[in-house]
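The values are calculated or read from the model by the stated rules, or taken from the named source; none is laboratory data. Values in this document were obtained by computation on a predicted structure and should not be read as measured data. Heads up, the Cβs are rebuilt from the backbone with ideal geometry, glycines too, and the neighbour counts pull from every protein chain shown. To get the accessible areas, we keep the full protein, side chains included, count just its heavy atoms, and leave off ligands, DNA and RNA. Shrake-Rupley method; radii C 1.70, N 1.55, O 1.52, S 1.80 Å.
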Amino acid sequence: MLLVHDATRPSKMTTTRCVFRVVIQALLVSAVFAFSGVVAGAEYVRPPPGRVILTEHTGPASHPQQVHVSVVGAKHMRVSWVTDDKHVRSVVEYGRASGNYTMSGAGDHTSYRYFLYSSGKIHHVTIGPLDPSTVYYYRCGMAGDEFSLRTPPAALPIELALVGDLGQTEWTASTLAHVGKTDHDMLLVPGDLSYADTQQPLWDSFGRFVQRHASRRPWMVTEGNHEVEAAAAPPLPGSPRPFAAYEARWRMPHEESGSASSLYYSFDAAGGAVHVVMLGSYAAFNSSSDQYRWLARDLAGVDRRATPWLVVLLHAPWYNTNAAHQGEGEAMRKAMERLLYEARVDVVFAGHVHAYERFKRVYNNEANPCGPVYITIGDGGNREGLALDFEKNHKLAPLSVMREASFGHGRLRVVNATAAHWAWHRNDDADSVVRDELWLESLAANGACRQQQGDPDVDNAWNDEL
């Protein structure tokens, strides 16, 4: 059941008044976070936020809710869901035909407390081995509705949808509807999922809100600032740890990629032709940190002859000409940019700034034909609205190719070992409209970049259409 609440019109339903108060509290908490953490927030004005959509669970306590799937290695997928009934088994039955479950998998479960809030039973079950590009029908906990998913392809081409800073508003619903209208193999999210901001029932609402999409295609996510949910400093006895809800609900394959933290990890797609690195903007990242050492090992282990495409996601953008969140990614850029450059990362996607922006190939604040293309796509539809103020005279403005404050999503279609097509779809029109697109050449296929790999002094006169 979807309940759309307008802040100007109080609800008459007794059952929703409590949830409405949660939304108001969330807005107040967000205002405190913005004031304390983002000085630039006072320098630009956003339009009125979209209305929050609250999604309730109307089924029995034993029935699954908040179902979503993610990839685990080349031939397995993880099914995650929540039940209010704490006695439901963590089991997934599945098969190739509807209602005919010839296989099953068992997993584990967890739960967490956030002050007075207690989560439901959070189940995680890995199923497989699975065949690529195949539809499987599945049922969670041996009860409730049947779901279906399609596994990603084992070779190129592959289509990756990208959207950041989602939330659960009418604009978010529009964005996800546009994503779902055309086919894709996987959705990548560079942080900021539910915008619960300590109001834990909003995590439950978000899981139900995205279930129709996240149960059908794998969602691979990394954390943003709205996932931190840290208690006051100094923390009170029994205070929840940072990222408690995010880590419990959205389990990603960090262990499989050799990472000791769920806040950063990597995975392969299309049979290893694409290597995706999910970095943590809110985990330690300096040269002595675990994340830095893990990233160096991970990138060093990529054979670009077998893996022609390297894609990185993080939350706080390293390159940004918007007044919003100016400089927040700079320390991480200074610490890690050289690692990405020397590995010849093809493209870096970020969120955080609620707008779209694409840069030329860049390294160390200068155009560089062997650097990544940097793209900000924090325009999923969150309740805070858009970041409208792009600085025309910003020092990076000559490197910014396209920038627009509109909601939308992006699509990266990796066609073969040398070519990929990027398109940004704006959805503040009646239909999703392509507003920016380009063809990318893999840096692994670029002879000049291969010869100069590890050398930052690349010939900047080299003609590059980006």
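Does region 133-145 include one or more residues that are out of contact with any Ser or Thr (no Cβ under 9 Å at 6 or more places or on another chain), open to solvent by less than 30 Å² (accessible area, probe 1.4 Å) and more than 30 Å from residue 325 (Cα to Cα)?
No, the conditions are met nowhere in region 133-145.
Do you know which of the residues in region 346-367 that are touching a residue at least 60 places away in the same chain (Cβ under 8 Å), part of a loop (DSSP other than H, G, I, E, B) and open to solvent by less than 10 Å² (accessible area, probe 1.4 Å) is farthest from residue 320 (Cα to Cα)? Full working, then the answer.
Restricting attention to region 346-367, the residues satisfying the condition of being touching a residue at least 60 places away in the same chain (Cβ under 8 Å) are 346-347, 349-352, 354, 356, 358, 360-361, 363-364, 366-367.
Next, only the ones that are part of a loop (DSSP other than H, G, I, E, B) stay: 346, 351-352, 354, 364.
Still in the running and open to solvent by less than 10 Å² (accessible area, probe 1.4 Å): 346, 351-352, 354.
Working: 346: 18, 351: 10, 352: 10, 354: 11 Å.
Within region 346-367, the match that is farthest from residue 320 (Cα to Cα) is 346.
Restricting to region 96-117, name every residue that is among the hydroxyl-bearing types (Ser, Thr, Tyr), open to solvent by 60 Å² or more (accessible area, probe 1.4 Å) and part of a strand (DSSP E or B).
The answer is 104, and nothing else.
If residue 426 satisfies all but one of (1) more than 13 Å from residue 179 (Cα to Cα); (2) touching a strand residue (DSSP E or B) at 6+ places or on another chain (Cβ under 8 Å), what's the number of the condition it fails?
(1)
Of the conditions (1) over 18 Å from the mean Cα position of the chain (by Cα); (2) in a strand (DSSP E or B); (3) modelled with pLDDT of 95 or more, residue 434 clears all except one; give me its number.
Only one criterion is unmet by residue 434, namely (3).
Looking only at strands (runs of 3 or more DSSP E) that fall completely inside region 207-293, which ones have 1 or more residues that are touching a residue at least 12 places away in the same chain (Cβ under 8 Å), among the β-branched types (Val, Ile, Thr) and out of contact with any His (no Cβ under 8 Å at 6 or more places or on another chain)? It would help to see each step written out before you state the result.
Values: elements: 219-221, 265-269, 274-278.
Hits in region 207-293: 219-221, 274-278.
Only one of (1) open to solvent by less than 10 Å² (accessible area, probe 1.4 Å); (2) closer than 24 Å to residue 55 by Cα; (3) among the polar types (S, T, N, Q) fails for residue 211. Which number is that?
Status for residue 211: all satisfied but (1).
If I ask for residues that are more than 19 Å from residue 349 (Cβ to Cβ) and modelled with pLDDT of 95 or more, which ones from region 222-241 would you list? It would help to see each step written out before you state the result.
Quick first cut of region 222-241, residues more than 19 Å from residue 349 (Cβ to Cβ) only: 228-241.
Those that are more than 19 Å from residue 349 (Cβ to Cβ) and modelled with pLDDT of 95 or more: 228, 229.
Does region 287-296 contain any residue that is over 25 Å from residue 364 (Cβ atoms), at pLDDT 95 or above and surrounded by 18 or more Cβ atoms within 10 Å (Cβ to Cβ)?
no
Would you please name the residue that is nearest to the chain's Cα centre (by Cα), looking only at residues in region 394-425 that are charged (D, E, K, R) and open to solvent by less than 50 Å² (accessible area, probe 1.4 Å)? Talk me through it step by step, then tell me what you get.
Just the residues of region 394-425 that are charged (D, E, K, R), to begin with: 395, 403-404, 411, 413.
Filter once more, so that each one left must be open to solvent by less than 50 Å² (accessible area, probe 1.4 Å): 404, 411.
Working: 404: 20, 411: 13 Å.
The extreme case among them is 411.
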